[in-house]
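*Asks:* Input: one structure, supplied below.
The values are calculated or read from the model by the stated rules, or taken from the named source; none is laboratory data. Small disclaimer: the values here were computed from a predicted structure and weren't measured. Virtual Cβ from ideal backbone geometry, glycine too; neighbours counted across all protein chains shown.
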Amino acid sequence: MAQTIKIDIGGIPAGQIIFNDAPAQLIASRTATGFNLSIPATVELEYTDSSKPCPMLSNLCGTISVDRASGAEMELGIIKDERWYTGGKSESEKLVLVWSGLISALTTFEKIRDGKSPKLKIKLHGEVCWLLPYNDGNNRVRTEPYSIARDVHITYPTEVWIKMLRGLQVAENILVEIPLPNSPPAPWDEVWKALMEARDAFEQGGTTGWKACGTAVRLALEKWQGIEKEDMGSGWKSPSPQERESRSKKQRLDNLRWHLFQCSHLAPHSGADEWSRDDALLMLSTLSTLLVERKP
């Protein structure tokens, strides 16, 4: 069912804005740092008698947000339409209402959405006024504008949303999110310290940075191992130090690939309720990174 915002000027009905929550497609494009997404909506302004004032709508702007599971609201970006609209049209007129945001906003939203239908909250502001005849009807002047402020909740079809993401090539980019507490308890603080060193080295970049990142990751895993040893299950035997040292980089990556295969092997042989978004993200991001490393 379409979401509607009624428009009135000083208590006089003047039209409505209609949001289409079942579009055939969502039109979006990439920018240097983010994206622009057109919000499907139309406006209908009542004006059937040229001898009476004509309504005008302008300065549409606002925010896009999402409600998190906790009930708190998170803002995702801004929307705006720089055009102005007047009555007298034979049919509804499409709005040029655009959501401008960062790619990180979409990845955050995808985490909150968690595979469910995309539900967005739009806080829309704008101005409406009358256009009055002036200078023998050849021109018109605006009255003092009235402010409108409305909230609408829109749920788009999941398949339409996913198609839009693929068009932006956002679905092909994986963001690995690591939720880190500000003050982790000991002895985990040593693991977090090494992880921060790895992050800093990665941001530094270059061959020295990449090497330092790998070294810090190893330190983090070493600290983790000191807290709790890995449980490899029955039948697994640790290779000797000589065997481990003789393994090449490719062989070590193949070991990682083999263990990922064992982890994913459980998926078709277990219930859906045993798997979470974090599990899927771990497997998908690891596979993607291994393929990037392989460069087929």
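*Asks:* For the stretch 93-124, name all the residues that are surrounded by fewer than 16 Cβ atoms within 10 Å (Cβ to Cβ) and under 30 Å from THR48 (Cα atoms).
*Replies:* Answer for the stretch 93-124, where residues must be surrounded by fewer than 16 Cβ atoms within 10 Å (Cβ to Cβ) and under 30 Å from THR48 (Cα atoms): LYS94, VAL96.
*Asks:* Residue by residue through the stretch 212-231, note down the ones that are at pLDDT below 90 and either in contact with a Cys (Cβ under 7 Å, 6 or more places away or on another chain) or surrounded by fewer than 15 Cβ atoms within 10 Å (Cβ to Cβ) (or both).
*Replies:* Passing the criteria: only GLY214.
*Asks:* Failed condition for ARG252, given (1) of a type outside the set (S, T, N, Q); (2) within 30 Å of ARG113 (Cβ to Cβ); (3) surrounded by fewer than 14 Cβ atoms within 10 Å (Cβ to Cβ), with all others met?
*Replies:* So ARG252 meets the others, but not (2).
*Asks:* Filter the stretch 169-198 down to residues that are among the β-branched types (Val, Ile, Thr) and at pLDDT below 80 and give me whichever is farthest from TRP210 (Cα to Cα).
*Replies:* Ranking the candidates gives VAL170 first.
*Asks:* Can you tell me which residue is nearest to ARG294 (Cα to Cα) among those in the stretch 242-279 that are polar (S, T, N, Q) and assigned to a helix (DSSP H, G or I)?
*Replies:* For the stretch 242-279, the residue satisfying everything is GLN251.
*Asks:* Let me ask another. Going through the stretch 17-31 one residue at a time, which ones are outside any loop (DSSP other than H, G, I, E, B), of a type outside the set (Val, Ile, Thr) and crowded, with 17+ Cβ neighbours inside 10 Å? Walk me through how you get there before you give the answer.
*Replies:* Of the stretch 17-31, the ones outside any loop (DSSP other than H, G, I, E, B) are 17-19, 28-30.
Keeping just the survivors that are of a type outside the set (Val, Ile, Thr) gives 19, 28-30.
If the condition is that a residue be outside any loop (DSSP other than H, G, I, E, B), of a type outside the set (Val, Ile, Thr) and crowded, with 17+ Cβ neighbours inside 10 Å, then PHE19, ALA28 are the ones that fit.
*Asks:* Considering only the stretch 42-71, state which residues are of a type outside the set (Asp, Glu), part of a loop (DSSP other than H, G, I, E, B) and over 23 Å from the mean Cα position of the chain (by Cα). Steps first, answer last, please.
*Replies:* Our first condition is that a residue be of a type outside the set (Asp, Glu); within the stretch 42-71, this holds for 42-43, 45, 47-48, 50-66, 68-71.
With part of a loop (DSSP other than H, G, I, E, B) added as a condition, the list becomes 47-48, 50-53, 68-71.
Result: TYR47, THR48, SER50, SER51, LYS52, PRO53.
*Asks:* Here's a follow-up. Of the residues in the stretch 223-240, how many are of a type in the set (Asp, Glu) and either in contact (Cβ under 8 Å) with a residue 24 or more places away in the chain or farther than 29 Å from LYS193 by Cα (or both)?
*Replies:* 0
*Asks:* Any chance you could count how many residues in the stretch 94-142 are farther than 24 Å from GLN169 by Cα, at pLDDT 90 or above and either in contact with a Gly (Cβ under 9 Å, 6 or more places away or on another chain) or acidic (Asp, Glu) (or both)?
*Replies:* Here the count works out to 9.
*Asks:* From TRP210, TRP224, TRP236, grab the single residue that is over 22 Å from LEU291 (Cα atoms), among the aromatic types (Phe, Trp, Tyr) and not in a loop (DSSP other than H, G, I, E, B). Full working, then the answer.
*Replies:* On the way: TRP210 fails: over 22 Å from LEU291 (Cα atoms); TRP236 fails: not in a loop (DSSP other than H, G, I, E, B).
Residue meeting the stated conditions: TRP224.
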